[in-house]
Amino acid sequence: MKSTKSKKAFTMIELVFVIVVIGILASVAIPRFGATRDDADITKTRTLIASVRSAVTIERQKRILRGVFSPIFRLTDTNALDHRIFNAFDGNISFSILENSPFSCAVNTDKDCWRETQIGTIDVHGKVATIAQYTYNLPTGGHVDFNLTNNNFICSNLDSANCRLLTQ
């Protein structure tokens, strides 16, 4: 007597076909996920810029109410790499800018990070203060420079495409 049980299995051609289809789907999906991550990083940076601008405006208003009319000239306590950035007005950590300030770039060539560079000095009531520039290294390459000018956190080149990407 023959057994009535039949064996069911995938053929080699069916398995190869499934692997090819999965490979095609992965080749289309993976680059899209990478672009989505870059878009998320840009959105995060736009939010950070808006938060810094708002904090600068509020601090300026507080100073005016206290009768202090000197400009804000710095937004961190150190320009060392791999340290907190946007953590202190004029280098004084008693006046924090952001509750959870980000870390600066570990090295100048890192992507999706901020760094502070000195661009000059200013005399504030007999003391020499450093005027700083803040550079954001884009996740896709390139960078955008921001200056703290007249108590405004603005791009140094308003016409650049990267500036428009982050501020509009």
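Derivation of every value follows stated rules applied to the coordinates shown; laboratory data play no part. Here the structure is a predicted model, which means the values were calculated and not measured. In this analysis, Cβ positions are derived from the backbone assuming ideal geometry, glycine residues included, and neighbour counts consider all displayed protein chains.
Some points to look at:
- FRET efficiency, ALA9 to ASP110 (Cβ-Cβ, R0 45 Å, nearest 0.05): 0.30
- Top of ILE154, ILE72, ILE22 by mean-square fluctuation, Gaussian network on the chain, Cα under 10 Å: ILE22
- The residues PHE10, PHE103, when put in order of fewest to most other Cβ atoms within 10 Å, stand as PHE10, PHE103.
- Label assignment, P(r) over Cα pairs in 10 Å bins from 0, in percent derived from the structure, set (1) 10, 43, 40, 8, 0; (2) 9, 30, 25, 11, 7, 6, 5, 4, 2, 1, 0; (3) 10, 35, 25, 17, 10, 2, 0: (2)
- For the chain, the longest principal axis of the C-alpha atoms and the axis of helix 12-66 are separated by about 10°.
- Considering only alpha-carbon pairs that sit under 8 angstrom and 6 or more positions apart, the relative contact order computed for the chain is 17 percent.
- Given R0 = 25 Å, the distance between the Cβ atoms of ASP82 and ARG164 translates into a calculated FRET efficiency of 0.30.
- Between segment 134-168 and segment 42-110, the alpha-carbon center distance in angstrom: 15 Å
- Calculated mean residue ellipticity, 222 nm, the chain: -13500 deg cm²/dmol, from DSSP H runs (n ≥ 4) at -39500 (n - 2.57) each, averaged per residue and rounded to 500.
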